[in-house]
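Enquirer: The structure follows.
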Amino acid sequence: MAPFDAGRLLLFLFMPLFFAAVDPSVDASTQVCVIGAGIGGASFAYFLKQYSCSSVNSPCLSEIHLFERRSIVGGRTAIVTISGDTFEAGASILHPKNFHAVRFASLLGLRPKLKSSEFKPDSNASDSSASSSWFGIWDGSSFLFKTKPPPPASSSAIYRKICSFINAIIIFRRYGFSLLRMNRFVNKMLESFLLYYEGFESRPVFDTVEEMLKWSGLYGITRRTLKEELLDAGVSSLLLSELVTVITRINYGQDINISGLAGAVSLAGSDDGMWSVDGGNWQLAAGLINYSNVTLHLKEEVTSVSYAEGHNYVLSTKEGIQYHCGITVIATPLDELNITFTPPFSIPSRRLQHTFTTFVRGFLNPKYFGLNHVSEIPNLIGTVEVPEVPFSSISILKKYGKEDMVYKIFSRKIMQDRLLDEIFSLRIETVRIDWPAYPHFEAPEVFSPIILDGKHLYYINSFENAASTIETSAVASENVARLIISRLSDEHQNMANKKFNAADGDLFHLDL
């Protein structure tokens, strides 16, 4: 695992740590245990705290216990340190319409850092965004397409705008009106997704992922591939095989046969206005955990969850500690975890798509790309779907000098030293990370239940087969929090009705 900065570790000294069994004096039925301290678990804790005791009829859940098998929170949001600078190693971008993430950042006082789109040059581009819009599409032997390199930093603002406009024309000349059709498809998806932010009076609570997607009108595109959806939308085969393929390979490590909704979300990741949290997106999870005042159990790996008599769950950890909770929420993918559940349940099998992320400080070998000088290599190299290409993308994260830069490489297999030495003329520092990053999306998608046992064992990551992002995790977490409150309220109401009916029967007997 990549090293993390000291500031990140110091933050956890101020988090509530808990290394003993749950307090037996507290009613276990009101305690909630959450497995996983990524953005899913952290946002669930936040929403549950907000909605608990929010009205006379809503139940009060006294304690939330958050279990994380690692020594840090954040899950698949993480940072890596190269030569003293920090870079996003996991989930790295957020959309301007990711309204939960926007609100979290504002609530926690986190500063957003804008990221420009590599594929949509902006006529109002700054120096940095103009630079990042220089990209090329490589097929393993040559560049199929390249935009123009950015003008020198000393250029006037008018000249930079002209260069950006020329790049926009170059892209449009190659792909034509198919670009507009692709954008229309993505915007339609975004309009449907925005329904998940509507008020409670018009937005129901969902028991299943299928219900959730059908309500918003998004279920249909999980049944078909992105390729099928875009061909029906009139997108050209050239745009599909080049730009669309480049984007899906970068964002999800898969080709255009990815399921339609995940593919649309991937394409939305190339929109303008993308942003991240200055200092790392992991701060969203860490901040929400602190804000929600939950009990955090770091380095406690849950190995079994059993439903016991008395309507409570018993969580056993690798350290041999047991915890009793009335509600248990799984906020991490079950696909590669070794947790035993009693009684057992079955969920559809799926495999996770591993993304190998390699960070290199040095400079690329221009001859590997059929070029003469490193200055001819675009700042972003995307690749098409051919066996000869050993990586999905290479991008520049920071320039220290003309031949001294930090690069980020995405690949489906580990980048061995021998291959890296071919691609790079010089390597000063190399860091490798193997991320079980997201599901392998495959249409038609099949979803795990949200309620795993018909009682109070919940699975947030069942939604992840639709699309996997920071925001979709937050949306799924909010629904689970509302679902728990709704079901507990119904149970309490049913119990009250039974007591009332029993008392009414006793009075009737006395009258007789």
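Quick note: the coordinates plus some simple rules give every number you see, no bench work behind them. Treat the numbers as computed from the prediction; the structure is a model and nothing was measured. Neighbour counts are summed over all protein chains in view; Cβ atoms, including those assigned to glycine, are modelled from backbone coordinates with ideal geometry.
Enquirer: Reachable aspartates and glutamates from K318, Cα under 14 Å, same-chain residues fewer than 8 places away excluded?
Expert: Straight-distance partners of K318: E68, E300, E301.
Enquirer: Return the long-range amide H neighbours of T303 (sequence gap of 5 or more, or a different chain), with a cut-off of under 5 Å between placed amide H atoms.
Expert: For T303, whose amide H was placed from the backbone, the distant partners under 5 Å are S316, T317, K318.
Enquirer: If you don't mind, there's one more thing I want to ask. Given 0.36 nm per residue, what is the gain on full extension from K97 to T208 after removing their alpha carbon distance, in nm?
Expert: On the way: separation 111, 0.36 × 111 = 39.96 nm, distance 2.42 nm.
Here the segment from K97 to T208 would lengthen by 37.5 nm.
Enquirer: Going by C-beta contacts inside 10 Å, put L288, L108 in order with the fewest on the left. Please list the in-between numbers first.
Expert: Numbers: L288 26, L108 15.
Neighbour counts put them in this order, fewest first: L108, L288.
Enquirer: Hey, fewest Cβ within 10 Å first, where do E442, E422 land in order?
Expert: On the way: E442 16, E422 13.
Ranked by crowding around the Cβ, least crowded first: E422, E442.
Enquirer: Here is a follow-up. Under 8 Å for C-alpha pairs, at least 6 residues apart: give me the relative contact order for the chain, rounded to a whole percent. Write down the numbers at each step before the final one.
Expert: Details: 982 pairs, mean separation 124.0, N = 512.
Relative contact order comes out at 24 percent.
Enquirer: Might you report the magnitude of the Cβ-based charge dipole of the chain about its Cα centre, with Lys and Arg at +1 and Asp and Glu at -1, to the nearest 20 debye?
Expert: Values: 46 positive and 52 negative charges, 361 e Å.
Computed about the Cα centre, the dipole is about 1740 debye.
Enquirer: Based on Cα coordinates alone, diagonalise the gyration tensor for the stretch 329-369, multiply each eigenvalue by 5, take square roots, and list the semi-axes in whole Å, largest first.
Expert: For the stretch 329-369, the semi-axes come out at 42, 12, 7 Å.
Enquirer: What percentage of all Cα-Cα pairs in the stretch 256-351 are separated by more than 19 Å? Provide the component values of the computation, followed by the final result.
Expert: Details: 2901 of 4560 pairs.
Pairs farther apart than 19 Å: 64 percent.
Enquirer: Only sites in a loop by DSSP and with at most 12 other Cβ atoms within 10 Å count here; which trypsin sites (Lys or Arg not before Pro) in the stretch 387-447 make the cut?
Expert: Numbers: sites: K398, K399, K402, K408, R412, K413, R418, R427, R432; in loops: K402, R412, K413.
Those that pass, being in a loop and sparsely packed, are K402, K413.
Enquirer: Under a 5 Å amide H to amide H cut-off, with H placed in plane at 1.01 Å, what residues pair with F424 once short-range neighbours are removed?
Expert: Answer set, sorted by chain and number: N365.
Enquirer: With a cap of 14 neighbouring Cβ atoms within 10 Å, and only residues DSSP puts in a loop, list the GluC sites (Glu not before Pro) found in the stretch 164-215. Spell out each step's value before the answer.
Expert: On the way: sites: E191, E198, E201, E210, E211; in loops: E198, E201.
For GluC sites (Glu not before Pro) across the stretch 164-215 that sit outside H, G, I, E and B with at most 14 neighbouring Cβ atoms in 10 Å, the list reads E198, E201.
Enquirer: For the chain, what does -39500 (n - 2.57) per DSSP helix run (n ≥ 4), summed and divided by total residues, give at 222 nm, in deg cm²/dmol to the nearest 500? Don't jump to the answer; show the numbers that get you there.
Expert: On the way: 13 runs with 162 residues, N = 512.
When only DSSP H runs of four or more count, the value is -10000 deg cm²/dmol.
Enquirer: Using every alpha carbon pair in the stretch 378-422, what percent of pairs falls into each 5 Å bin from 0 up to the bin containing the largest distance?
Expert: With a bin width of 5 Å, the distribution comes to 5, 18, 26, 28, 16, 6, 1.
Enquirer: Mind listing the long-range amide H neighbours of N379? Cut-off is under 5 Å, sequence gap 5 or more, other chains count too, H placed in the peptide plane at 1.01 Å from N.
Expert: W134
Enquirer: Could you tally the net charge around D404, taking each other residue with its Cβ under 14 Å from the Cβ of D404, Lys/Arg +1 and Asp/Glu -1?
Expert: Every neighbour counted, the sum reads +2.
Enquirer: Along the stretch 40-52, what does the Karplus equation 6.51 cos²θ - 1.76 cosθ + 1.60 (θ = phi - 60°) give for ³J(HN,Hα), rounded to whole Hz, x for Gly and Pro?
Expert: Residue by residue, the stretch 40-52 yields x, x, 5, 6, 4, 4, 4, 5, 5, 5, 5, 8, 5 Hz.
Enquirer: Further question: Would you mind ranking D271, D434 by Cβ crowding within 10 Å, fewest neighbours first?
Expert: Details: D271 18, D434 11.
Ordered from fewest to most neighbouring Cβ atoms within 10 Å, D271, D434 come out as D434, D271.
Enquirer: Measure out, as a whole number of angstrom, how far apart the alpha-carbon centroids of the stretch 327-391 and the stretch 170-240 sit.
Expert: Comparing the Cα centres of the stretch 327-391 and the stretch 170-240, I get a distance of 24 Å.
Enquirer: Given a cut-off of 32 Å, name the pairs among K113/K214; K367/K413; K214/K398; K115/K146 whose C-alpha atoms lie farther apart than that in the structure shown. Kindly include the intermediate steps, with their values, before the conclusion.
Expert: Working: K113/K214 34 Å; K367/K413 23 Å; K214/K398 43 Å; K115/K146 20 Å.
Table pairs above 32 Å Cα-Cα are K113/K214; K214/K398.
Enquirer: K399: which aspartates and glutamates have alpha carbons under 13 Å from its alpha carbon, excluding same-chain residues fewer than 8 sequence positions away?
Expert: Partners within reach: D85.
Enquirer: Tally Lys/Arg at +1 and Asp/Glu at -1 over every other residue whose Cβ is under 11 Å from the Cβ of K97; what's the total? Walk me through the numbers before you get to the answer.
Expert: Working: positive: none; negative: E191, D271, E471.
Residues close to K97 contribute a combined charge of -3.
Enquirer: Let me ask something additional. Apply the Karplus curve 6.51 cos²θ - 1.76 cosθ + 1.60, θ = phi - 60°, to the phi angles in the stretch 420-436 and return the couplings in whole Hz, x for Gly and Pro.
Expert: The phi angles translate into 4, 5, 6, 6, 10, 6, 8, 10, 8, 8, 9, 10, 10, 9, 9, 9, x Hz.
Enquirer: What does the charge count around Y197 come to, taking other residues whose C-beta lies under 15 Å from its C-beta (Lys +1, Arg +1, Asp -1, Glu -1)?
Expert: Working: positive: K97, R103, R203, R482; negative: E191, E198, E201, E471, E478.
In short, -1.
Enquirer: Out of all DSSP beta bridges with both ends in the chain, state the antiparallel percent to the nearest 5. Don't skip to the end; give the middle numbers.
Expert: Values: 54 of 78 bridges.
Antiparallel bridges: around 70 percent, rounded to the nearest 5.
Enquirer: Pop out the ³J(HN,Hα) list for the stretch 356-370 in order, Karplus 6.51 cos²θ - 1.76 cosθ + 1.60 with θ = phi - 60°, rounded to Hz; leave Gly and Pro as x.
Expert: Result, rounded to whole Hz: 8, 10, 10, 9, 10, 9, x, 8, 6, 8, x, 5, 4, 9, x.
Enquirer: Please state, as a whole number in µm²/s, the translational diffusion coefficient that the Stokes-Einstein equation yields for the chain at 10 °C and 1.306 mPa s, with Rh defined as the Kirkwood radius across alpha carbon pairs. Before the final figure, lay out each step's value.
Expert: Values: Rh = 24.6 Å.
Estimated diffusion coefficient is 65 µm²/s.
Enquirer: Lys/Arg Cβ at +1, Asp/Glu Cβ at -1, dipole of the chain taken about the Cα centre: which of S156, V244, S55 is farthest positive-ward?
Expert: S156
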